[in-house]
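The structure appears right after this line, and notes come after that.
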Amino acid sequence: MVEGSATSPEGFVAGAVACGLKESGDLDLGVIYSETDATAGGVFTRNQVVAAPVVVDREVLAAGPDQIRGVVANAGNANACTGEAGMAAARKMLTEVAALLDCRPEQMLVLSTGVIGVPLPLSKIVAGLRIVTKDLTPNNGIHLAQAIMTTDTRSKHLAVRVTLPEGMVTIGGVAKGSGMIHPNMATMLAILTTDAALSASTVQEVLGAVVDRTFNRISVDGDTSTNDTVLLLANGASGVPADDDASRILFAEALEYLCAELAQMIVADGEGASRFVTLHVTGAASEPAAHAVAETVATSPLVKTALAGGDANWGRILAAAGRAGVPLDQGRLALWIANPERQLLQLVDGGSPTGYDEDEAAAIFGRREILIRLDLGQGEAEDTMWTTDLTHDYVTINADYRT
């Protein structure tokens, strides 16, 4: 792991500007550009109500995933539920940025995030693009991360290096997300880049598998947004191929590490969150069963409010597990909690309390970081999700998001 961003891999430059979409005056428009054609893939929201950029990006990737040059992204306006005018605006963003970068519109991708149902102020974006495209550098990746923030309190960016059989490559990324966070995917955007040389099929296959194990394993509030997108661009600038079996495995492991870190940054920055919770379900009959239990517990309002109060009310965890739609034998359930140092305290064995020390349990539930391990006693399968508590601050943030 290295301090870095989506411009850490060779051949990528970026820039960001405040064009007036955010009332705060903060950065709200960014561009990342590859100096050579890149192969790209994307994973998108499964919500059936989707923003115009999602529709456009799916079209671009379906038509020519091996000639992508970059991404234009804005915050402050989601360009979602905006009809044909929104579709035209998304395509206009591609036309304008492509002309300024001397490439074709079908070589660019577009991302938007912010308020739903508000027309995109295209004139501000066009004016901003004319400024930002004049100052694209390898040093502006962190500014790109800042430009896609909405209710985020901090930017999210990282890079990793991995040695493949043919040499070393770098993978970088920026992401945003804080609320409306839930699998399929969370309300988040992520731009991932690498200077490894990958085929289109490898990019899409590896990205899909990694997203499923990382960005699809986080939840803040159980809501899935209209704009969720993860893009991966591979420009091959390192000259190192990664399509053979050994290279693909190593590359996928490094990409998964990067995405897991970014995903956890999103959870840790959850709207109003005061707890970061790792929920590990073990002893399941199958991985889907483990995930069903983990997701039900991670999104339970009663569990999340107990976490907010530092209340070791473990009965809510078992109750949530019992309604996950997975056959369980409560007499086989076991539950542990731990502090960040992973000193496990068992609360339940065989479905009954263990006689644990209440003060010790309360102290663990009062920590910023908590590990919860629930064993179902049915098999060897397991699953992990990262989640948060649910506080009064979350309600405050979302009660007046538009105003």
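The values are calculated or read from the model by the stated rules, or taken from the named source; none is laboratory data. What you see is a predicted model, and the numbers here were worked out from it, not measured in a lab. Positions of Cβ are generated from backbone atoms using ideal geometry, with glycine treated the same way; all protein chains shown enter the neighbour counts. To get the accessible areas, we keep the full protein, side chains included, count just its heavy atoms, and leave off ligands, DNA and RNA. Shrake-Rupley method; radii C 1.70, N 1.55, O 1.52, S 1.80 Å.
Annotations
- Qualifying residue in the stretch 271-285 (condition: surrounded by fewer than 24 Cβ atoms within 10 Å (Cβ to Cβ), touching a Pro at 6+ places or on another chain (Cβ under 7 Å) and modelled with pLDDT of 95 or more): no
- Search result, residues across the stretch 146-179 that are in a loop (DSSP other than H, G, I, E, B) and on the phi < 0 side of the Ramachandran plot: ILE148, MET149, THR150, THR151, ASP152, THR153, ARG154, SER155, PRO165, GLU166, SER178, GLY179
- Qualifying positions in the stretch 1-35 - hydroxyl-bearing (Ser, Thr, Tyr) and touching a strand residue (DSSP E or B) at 6+ places or on another chain (Cβ under 8 Å): SER5, THR7, SER8, TYR33, SER34
- Within the stretch 1-16, restricting attention to residues that are surrounded by fewer than 23 Cβ atoms within 10 Å (Cβ to Cβ) and out of contact with any Phe, Trp or Tyr (no Cβ under 9 Å at 6 or more places or on another chain), the residue that is modelled with the lowest pLDDT is VAL2.
- Only listed residue being modelled with pLDDT under 90 and open to solvent by less than 10 Å² (accessible area, probe 1.4 Å), chosen from MET180, MET188: MET188
- Single residue of VAL72, VAL56, VAL97, VAL110 found to be under 24 Å from the mean Cα position of the chain (by Cα) and not in a strand (DSSP E or B): VAL56
- In the set (1) open to solvent by less than 10 Å² (accessible area, probe 1.4 Å); (2) in contact (Cβ under 8 Å) with a residue 60 or more places away in the chain, the condition left unmet by SER300 is number (2).
- Residue that is nearest to the chain's Cα centre (by Cα), among those in the stretch 275-322 that are outside any helix (DSSP H, G or I) and small (Gly, Ala, Ser): SER300
- Within the stretch 44-61, the set of residues being touching a strand residue (DSSP E or B) at 6+ places or on another chain (Cβ under 9 Å) and either modelled with pLDDT of 95 or more or buried (at least 23 other Cβ atoms within 10 Å of the Cβ) (or both) comprises ALA51, ALA52, PRO53, VAL54, VAL56, ASP57, ARG58, VAL60, LEU61.
- ASP26 meets the stated requirement of being closer than 12 Å to ALA147 by Cβ, surrounded by fewer than 19 Cβ atoms within 10 Å (Cβ to Cβ), in contact (Cβ under 8 Å) with a residue 24 or more places away in the chain and not hydroxyl-bearing (Ser, Thr, Tyr).
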